[in-house]
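Quick notes on the structure that follows.
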Amino acid sequence: MPEQPSAPARHVLRWARLVVAVFVSGCALLGAVRLVAPATGGTEGEPGGVRNQLAFIRGALDDGAGAEAQQQFPEGYFFLHALYGLSWVELGMREPAGEARAEAVREARWALKRLDSADGRAAFSAELAPSYGVFYRGWTNWLRGGVLSLLPEGERESAEVRRFAADSAALGAAFDDSASPYLAAYPGQAWPVDSTVAMASLRLHDTLRPARFTGTVERWLDGVRERLDPRTGLLPHRVAPDTGDPVEVARGTSQSIIQRFLLDIDPDFAREQYLLFRDRYVVTPLGLGPTTREYPKGMDGPADVDSGPLPLGMSLSATVVTLGAAQVQGDAPLAEGIANHGELLGMPVGTPWTKRYAFGLIPIGDAFVAWSKTARPWVAETPAPPPAHLSFWWRVPLLSLLLVVGASPWLPALLRRLPHHRHRNRPPAVPVPRIVASAPGEDRFPAPR
């Protein structure tokens with residue numbers, strides 16, 4: 001027989017099992033809470049944890065995370081700073097005038113200054129029209145306009161206002177001179193998403209300054225409607241730079257950003273596009289939560305650095321950004337669903353001062369989460385909610401799974417306490433010979449049978 005552990009060893013083993021059981025059950029309970037607790041603030045409230053996320057991102061940027069991100073993604077340095085600044089603008093829009101809004105202005109200006117530098121422009125070409133391309137000009141113009149929107153007109157710095165007006169004019173002239181509605185981001189390469197951001201910045205200009213780009217916006221929309229992706233009816237992912245004709249099917253990574261900005265350009269067209277996007281790309285694979293496909297339903301394709309890995313065709317980056325698109329469209333059930341799903345699977349780690357997802361290994365991922373959770377329209381009003389696409393009951397399979405995981409460490413002990421289980425495992429009784437009285441001269445014990 002194998003040697004039985006000593007009494008002290010058995011005591012330690014029991015305590016170890018108890019600690020593991022409590023830990024597993026605690027993790028399951030925490031996961032259940034994250035799956036149902038409010039995870040976004042909508043378009044008015046402030047999402048819990050976002051300020052702590054931004055504190056983590058700022059610390060990472062100060063430690064060189066921008067340069068590291070540039071080694072991982074083509075626009076890593078740019079996006080990390082831009083999304084950090086934009087998230088502060090979003091928070092500032094939720095604050096009345098005061099120190100909280102002043103902090104948002106300071107941090108957004110700091111990010112903008114980092115973009116308006118040799119490092120910020122390093123990935124882009126000065127030879128394009130407008131200089132450095134529509135990607136760089138569109139995002140920086142949107143951020144600069146966001147900073148100005150946080151300030152009363154009398155408190156806006158004149159140099160900032162002049163720069164915003166000049167960059168908007170350069171973008172408007174480039175669109176007016178182009179045969180295509182989509183300007184180049186890099187030499188010989190054009191993506192509709194970049195021009196969508198730039199066009200939204202022109203609409204923002206016309207809300208902050210005297211309107212001058214109404215005709216440019218209308219011509220752009222006409223050109224876009226003439227060049228939709230024939231497979232999906234959406235803006236294509238990539239186009240021919242000279243004509244704007246689609247050359248690649250609409251994809252989730254670009255569509256999720258397009259849907260975030262299109263509302264501020266044309267709300268009616270944006271609602272049509274959003275419903276098409278949601279129907280063709282937002283799914284619940286295996287019934288385990290809302291995610292966004294990189295390619296439309298019924299089609300698969302290769303992954304790239306923007307989409308990341310595509311398990312079951314799902315893109316994590318597109319899913320995160322879809323949260324913001326849903327929120328600006330008033331689609332609260334989908335926004336909350338994606339946010340709750342992310343709180344469960346993203347393994348956020350928090351301290352009293354910071355919060356990070358995936359243990360903070362990819363700060364640009366945290367930046368996209370913060371920017372998506374703070375999403376709100378800047379120009380248009382938040383529209384009426386669209387028809388429901390996601391029910392609260394999508395959580396039931398995951399909650400059931402968490403219940404099984406949380407209860408599993410305790411099941412052996414519970415089974416041992418059940419009466420039928422104790423009876424079944426009792427060792428068989430050994431028959432004892434019955435002693436009977438006997439007459440003198442007879443044996444006291446009967447002979448065995």
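Structure notes:
- Taking first residues from segment 405-430 that are in a helix (DSSP H, G or I) and partners that are of a type outside the set (A, V, I, L, M) and modelled with pLDDT of 75 or more, the Cβ contacts under 6 Å between residues at least 6 apart in sequence or on separate chains come to 406/25.
- Residue in segment 347-403 that is nearest to residue 41 (Cα to Cα), counting only those that are surrounded by 14 or more Cβ atoms within 10 Å (Cβ to Cβ) and among the polar types (S, T, N, Q): 374
- Flag for residue 289 being surrounded by fewer than 24 Cβ atoms within 10 Å (Cβ to Cβ), touching a residue at least 60 places away in the same chain (Cβ under 8 Å), part of a loop (DSSP other than H, G, I, E, B) and not charged (D, E, K, R): yes
- Residue match in segment 221-237 (condition: surrounded by 17 or more Cβ atoms within 10 Å (Cβ to Cβ), in contact (Cβ under 8 Å) with a residue 60 or more places away in the chain and within 23 Å of residue 374 (Cα to Cα)): no
- Condition met for residue 298 (farther than 27 Å from residue 72 by Cα, assigned to a loop (DSSP other than H, G, I, E, B) and within 16 Å of the chain's Cα centre (by Cα)): no
- For residue 248: the one exception among (1) without any contact (Cβ under 8 Å) to a residue 24 or more places away in the chain; (2) out of contact with any Lys or Arg (no Cβ under 6 Å at 6 or more places or on another chain); (3) of a type outside the set (A, V, I, L, M): (2)
- Of the residues making up segment 353-372, those that are hydrophobic (A, V, I, L, M, F, W, C) and at pLDDT below 95 number 6.
- Matching residues in segment 37-65 - criterion: being in a helix (DSSP H, G or I) and surrounded by fewer than 16 Cβ atoms within 10 Å (Cβ to Cβ): 55, 59, 62
- Residue in segment 76-96 that is surrounded by 12 or more Cβ atoms within 10 Å (Cβ to Cβ) and not in a helix (DSSP H, G or I) present: yes
- Filtered residue count, segment 149-181, keeping only those that are over 20 Å from residue 196 (Cα atoms), part of a helix (DSSP H, G or I) and either in contact with a Lys or Arg (Cβ under 9 Å, 6 or more places away or on another chain) or not small (Gly, Ala, Ser) (or both): 6
- One residue from 190, 211, 240 being crowded, with 20+ Cβ neighbours inside 10 Å, small (Gly, Ala, Ser) and at pLDDT 95 or above: 190
- Looking only at residues of segment 364-412 that are under 20 Å from residue 288 (Cβ atoms) and of a type in the set (Val, Ile, Thr), we find that the one that is nearest to the chain's Cα centre (by Cα) is 369.
- Segment 308-319 - residue that is surrounded by fewer than 22 Cβ atoms within 10 Å (Cβ to Cβ) and in a loop (DSSP other than H, G, I, E, B) and, of those, nearest to the chain's Cα centre (by Cα): 308
- Selected residue (only one of 217, 247 is part of a helix (DSSP H, G or I), under 16 Å from residue 192 (Cα atoms) and of a type outside the set (Phe, Trp, Tyr)): 217
The values are calculated or read from the model by the stated rules, or taken from the named source; none is laboratory data. Predicted, not measured: the structure shown is a model, and the values here were computed from it. Methodologically, a virtual Cβ is constructed for each residue, glycine included, from the backbone with ideal geometry; neighbour enumeration extends over all protein chains shown.
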